[in-house]
Amino acid sequence: MRELFESTIERLLADAATPAVTLAAEGGHWPEALWEAVEASGFAFAAAPEAAGGAGASWDDLFVVLRACGRHGAPVPLPEALLANALLAQCGLQPVGGVLSFSTSRAALQGNTASGVLSDVPWGRHATHVIALCADQPSPTLLLLPTTGVRCTPTLNLAGEPRDTLHLEGVVPLARAPLPAGVPHDVLMLGGALLRSAQTAGALQAVLDMTTGYASERTQFGRPIGAFQAIQHQIAVLAEYTAMASVAAEAACVESNGSAQGGYARLSVAAAKVCSAEAAGVVAAIAHAVHGAIGFTHEHTLHMLTRRLWAWRSEYGSLTHWSQALGSAACAAGSQGLWPAITSGRFEQPTLEAV
């Protein structure tokens, strides 16, 4: 299944998520043709069980899809739709089509209506549905909310991607269900960190390919700049960080069965977010140094990737956020708990929580 997913999504995004489409999206144009192609492919439902029209795929299977979205800088919320439909399925609800997104902000449920402010909603202005958690119930409750008539305050991240604020006032949820036992209350933060780690891994690989290609083509003093030892050293460092982030993100996906059958490997997700956030800064700096002035021009495509690296490293928990969470859990577990946590992929006592 994984090989089929990879070949299909790579072809789809190579054809439909071109640099011209991405730049147009950053200018405010919704890439309708790209989203229609994504919906037709069925990827948005892939994490839902087969009985609900999905493929029953796990994050192990879907890592290549998330990585491809990052590699091509796809300006559509496919990763968000994957996560949202996976969580709907976990809660026993039907997955939904259309432009689907989510927010880590909490809504308030009063009777049959929801209210509150949902901040940093990816592509909120284009979303037809959004999911959010309600914590003021006896147990955390997942809400599927329509966006028709909802007031939207548009905001962009550094990459020009919509990260909007939705103001809920008496919105009637289309569906709701309590989180199943064992699903953490910060599941959307964890899931978002997993998404961005895998997307960052894809963007890092694209930057590496672009940088090595440029270094082999650009000549100075009669030979390619990639022949100079100083450039070779920098590209080697770039490759090391790319490999680190990719391995960490893939491990987090492999150890997290985020389909309808399970949850997330908290320690691995936290580690992947730390690795990807650290790599984003180092890789972007090296890539721009190797490219020189040309890499800073609007016409060159490098900035479309590096701006996403800079933006994604802070979304759903920054490097500092997750480093503190890991450090606090390690200190609380004590010296006897560190090695078992590393080998098992989890802290038994206490549970690693986001700070």
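The values are calculated or read from the model by the stated rules, or taken from the named source; none is laboratory data. Predicted model, so just to flag it, every value in this text is computed and none were measured. All Cβ positions, glycine included, derive from the backbone under ideal geometry; neighbour counts span all protein chains shown. Just so you know, the surface numbers come from the protein's heavy atoms only, side chains and all, with ligands and any DNA or RNA stripped out. Shrake-Rupley method; radii C 1.70, N 1.55, O 1.52, S 1.80 Å.
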Checklist entry - Of the numbered conditions (1) open to solvent by less than 10 Å² (accessible area, probe 1.4 Å); (2) more than 21 Å from residue 24 (Cα to Cα), residue 76 satisfies every one except a single condition; which is it? => result (2)
Checklist entry - If residue 35 passes every condition in (1) part of a helix (DSSP H, G or I); (2) over 22 Å from residue 121 (Cα atoms); (3) of a type outside the set (Ser, Thr, Tyr) but one, which one does it miss? => result (2)
Next on the checklist: Which count do you get for residues in segment 5-43 that are touching a helix residue (DSSP H, G or I) at 6+ places or on another chain (Cβ under 8 Å) and of a type outside the set (D, E, K, R)?
Outcome noted: 18
Checklist entry - Can you name the residue in segment 213-237 that is in a helix (DSSP H, G or I) and among the hydroxyl-bearing types (Ser, Thr, Tyr) and, of all such residues, is least open to solvent (accessible area, probe 1.4 Å)? => result 214
Checklist outcome for this item: When restricted to 153, 128, the only residue under 21 Å from residue 43 (Cα atoms), open to solvent by 50 Å² or more (accessible area, probe 1.4 Å), of a type outside the set (A, V, I, L, M) and out of contact with any helix residue (DSSP H, G or I) (no Cβ under 7 Å at 6 or more places or on another chain) is 128
Checklist entry - Among all residue pairs at least 6 apart or on different chains, which show Cβ distances below 6 Å where the first residue, located in segment 309-328, is at positive phi and the second is of a type outside the set (S, T, N, Q)? => result 316/189; 316/192; 316/193; 316/196; 317/193; 317/273
Checklist entry - Taking segment 286-295 as the region of interest, how many residues are small (Gly, Ala, Ser) and within 13 Å of residue 239 (Cα to Cα)? => result 1
Item to check | Test result for residue 286, β-branched (Val, Ile, Thr) and in contact (Cβ under 8 Å) with a residue 60 or more places away in the chain | outcome: yes
Checklist entry - Looking at this structure, is residue 31 open to solvent by 40 Å² or more (accessible area, probe 1.4 Å), more than 19 Å from residue 60 (Cβ to Cβ) and not aliphatic (A, V, I, L, M)? => result no
Checklist entry - Out of 125, 71, 67, 106, which single residue is in contact with a Gly (Cβ under 9 Å, 6 or more places away or on another chain), among the charged types (D, E, K, R) and under 26 Å from residue 167 (Cβ atoms)? => result 106
Checklist outcome for this item: For segment 53-75, the count of residues that are among the small types (Gly, Ala, Ser), part of a helix (DSSP H, G or I) and out of contact with any Asp or Glu (no Cβ under 8 Å at 6 or more places or on another chain) equals 1
Next on the checklist: I'd like to check something: does segment 82-91 contain any residue that is free of Cβ contacts under 8 Å to residues at least 12 places away in the same chain, farther than 17 Å from residue 249 by Cβ and assigned to a helix (DSSP H, G or I)?
Outcome noted: no
Checklist entry - Of the residues that make up segment 194-212, is at least one touching a strand residue (DSSP E or B) at 6+ places or on another chain (Cβ under 8 Å) and either open to solvent by 60 Å² or more (accessible area, probe 1.4 Å) or part of a loop (DSSP other than H, G, I, E, B) (or both)? => result no
Checklist entry - Any idea which residue in segment 54-70 is farthest from residue 28 (Cα to Cα), counting only those that are crowded, with 24+ Cβ neighbours inside 10 Å and of a type outside the set (A, V, I, L, M)? => result 59
Item to check | Residues (among the β-branched types (Val, Ile, Thr), more than 19 Å from the chain's Cα centre (by Cα) and part of a loop (DSSP other than H, G, I, E, B)) located in segment 92-128 | outcome: 96, 128
Checklist entry - Regarding residue 135, is this residue open to solvent by less than 10 Å² (accessible area, probe 1.4 Å) and either in contact (Cβ under 8 Å) with a residue 24 or more places away in the chain or touching a Lys or Arg at 6+ places or on another chain (Cβ under 9 Å) (or both)? => result no
